[in-house]
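*Asks:* Take a look at this one; I'll ask things after.
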Amino acid sequence: MLNLYQRVRHSNGGVSRRSFLQLGSLALLGSGGALSLPSLLQAETAAGVGRSPKSVIMIYLVGGPPHQDMFDLKPNAPAEIAGPWRPISTNVPGMDICEAFPRLAGMADKFSIIRSLVGNQSNHDAIQVFNGHNPRNATPSGGWPQFGSMVSKVQGAFDPSAPPFVSLCYPCTHGPYNEPGPGFLGTTHSPFRPLGSTRDDMTLNGVTVEHLQDRVSLLKDFDRLRRDTDTGTSMAGLDAFTEQAVGLLTSSQLADALDLSKEDPATVARYGTGNTKVFIDGNGAPRVPQSLLMARRLIEAGVRVVTLNYSKWDWHGGNNNSIFKREQEDFPIFDQCVSALLEDLHNRGMADDCAVVIWGEFGRTPKISAQVGRDHWPQVNCALLAGGGFQHGQVIGATDRIGGEAIARPVTFAEVYASLYRHLGVDVDTTISDLNGRPQYLIEDRASPLAELS
């Protein structure tokens, strides 16, 4: 049904974009206020379109994972530091990880462990995880864009049926746990977020592609009226959202990628399942192994960068909820879904083209607290890297005998990001102008990619 609304003139003389095209239950509209795909994309910070054979999946472990209980065990340290977990050998000689990760131990040749990630912040804030910039340092007006937004800006569109950047992150009630957004790049380069009601709107609901194109042409006619009086940049943003809306509606590619019923049930079972409605500790993310599978399917659909948050790792202990009880719950599920993702990428011939990075905002204290937990520890952190055509089956860096300080090959967030940009084919010396017209480098301190991964 086509609905034409009377144009309303604003007090500043501009013409309102009140006319819209309705597609079944969904309208194509700009700023009129009715629910529409372009405005919904804008409201959910959807961004341009694109596709690349090179891609990145970023998995944020919300709250800071305990490095000394996962990938940097210290069995010879005192009990109040070592904890109950023991290291096990992997299929790479001399490379040990936690005994709770037997599946990952059997494929250690397919990933690398960074044990000496330094320069971490001390607060619960996802910003450094998602953009690589230390929040204590100077920030340009508008803020630093997150990694996927930078990729969207620099690499541009390739396929109008898939956005360049998709976020599968669940919203956390603790605000700083959430992604920082597109910063000075603006909403056009924000992630497309398909976890909400938007998924139901990625179909034409009985409207043919031909009728859609007729309605888009009519929409453009109305837009010309606005463009003549628009003195800002709002129309450019609306055009981007509308273009993405049309691309999504005329292709089932993205909708299919988000539909796990189209996946082999054996593969779904291999990843494991979780409850999307159970938010760990109330303010973290739910423990959803399916997110990793959905990320792989989105990469296959042509998305360049997929981000997701997984579970809650802020284990301070107390209230009969010790860190080790939580680890007994989380570690086996983590082992299953991460190993499934890496196995899947290799079996499908995607491992060289898709890089995976798994990390949190900081490490945990070496000493176990009186509440049987580990507290925030910014001095050192760990990360797992896989795929990307990188050199794997190695440990990068080392910590002291209690896992408290980096004593060999300290690695920064910026170096990891430089490696990810290089994998995507992006020149790490690229600059982008901020809101004040100042050129800004993609990488903090112009860091170089990790030579160990070459």
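*Asks:* Being within 22 Å of residue 174 (Cα to Cα) and surrounded by fewer than 20 Cβ atoms within 10 Å (Cβ to Cβ): is that true of residue 376 here?
*Replies:* yes
*Asks:* What is the residue count in the range 135-177 for residues that are surrounded by 24 or more Cβ atoms within 10 Å (Cβ to Cβ), hydrophobic (A, V, I, L, M, F, W, C) and under 24 Å from residue 118 (Cβ atoms)?
*Replies:* The number of residues fulfilling the criteria is 3.
*Asks:* Further question on the same structure: Between 431, 412, which is without any contact (Cβ under 8 Å) to a residue 40 or more places away in the chain, β-branched (Val, Ile, Thr) and in the same structural domain as residue 183 (by TED's automatic domain parsing)?
*Replies:* 431
*Asks:* Collect the residues in the range 116-134 that are modelled with pLDDT of 95 or more and out of contact with any Lys or Arg (no Cβ under 9 Å at 6 or more places or on another chain), keeping them in residue-number order.
*Replies:* If the condition is that a residue be modelled with pLDDT of 95 or more and out of contact with any Lys or Arg (no Cβ under 9 Å at 6 or more places or on another chain), then 117, 118, 119, 120, 126, 127, 128, 129, 130, 131, 132, 133 are the ones that fit.
*Asks:* For the range 153-163, does any single residue satisfy the condition of being assigned by TED's automatic domain parsing to the domain that holds residue 296, over 11 Å from the mean Cα position of the chain (by Cα) and under 21 Å from residue 438 (Cβ atoms)?
*Replies:* Yes, because at least one residue in the range 153-163 is assigned by TED's automatic domain parsing to the domain that holds residue 296, over 11 Å from the mean Cα position of the chain (by Cα) and under 21 Å from residue 438 (Cβ atoms).
*Asks:* Let me ask something else about it. Could you grab the pairs with beta carbons closer than 8 Å, sequence gap of 6+ or different chains, first residue in the range 94-107 and surrounded by fewer than 19 Cβ atoms within 10 Å (Cβ to Cβ), second one among the aromatic types (Phe, Trp, Tyr)?
*Replies:* Filtered contacts from the range 94-107: 99/85.
*Asks:* Looking only at the range 75-91, which residues are more than 26 Å from residue 370 (Cβ to Cβ), assigned to a loop (DSSP other than H, G, I, E, B) and of a type outside the set (Val, Ile, Thr)? Before the answer, list the steps.
*Replies:* Going residue by residue through the range 75-91, those that are more than 26 Å from residue 370 (Cβ to Cβ) are 88-91.
Still in the running and assigned to a loop (DSSP other than H, G, I, E, B): 90-91.
Answer for the range 75-91, where residues must be more than 26 Å from residue 370 (Cβ to Cβ), assigned to a loop (DSSP other than H, G, I, E, B) and of a type outside the set (Val, Ile, Thr): just 91.
*Asks:* So, one more: From 353, 335, which residue is in contact with a Lys or Arg (Cβ under 7 Å, 6 or more places away or on another chain), acidic (Asp, Glu) and closer than 17 Å to residue 293 by Cβ?
*Replies:* 335
*Asks:* Collect the residues in the range 419-454 that are touching a strand residue (DSSP E or B) at 6+ places or on another chain (Cβ under 6 Å) and either part of a helix (DSSP H, G or I) or under 16 Å from residue 58 (Cβ atoms) (or both), keeping them in residue-number order.
*Replies:* 420, 423, 452
*Asks:* Let me ask you something else. When the residues of the range 43-76 are filtered to those that are aliphatic (A, V, I, L, M) and at pLDDT 70 or above, which remaining residue is farthest from residue 185 (Cα to Cα)?
*Replies:* Among residues in the range 43-76 that are aliphatic (A, V, I, L, M) and at pLDDT 70 or above, the one farthest from residue 185 (Cα to Cα) is 73.
*Asks:* Further question: Is it the case, given these coordinates, that residue 357 is in contact (Cβ under 8 Å) with a residue 12 or more places away in the chain, surrounded by 24 or more Cβ atoms within 10 Å (Cβ to Cβ) and not in a loop (DSSP other than H, G, I, E, B)?
*Replies:* So residue 357 fails the test.
The values are calculated or read from the model by the stated rules, or taken from the named source; none is laboratory data. Note that the structure is predicted; figures quoted are calculated from it, not measured. In this analysis, Cβ positions are derived from the backbone assuming ideal geometry, glycine residues included, and neighbour counts consider all displayed protein chains.
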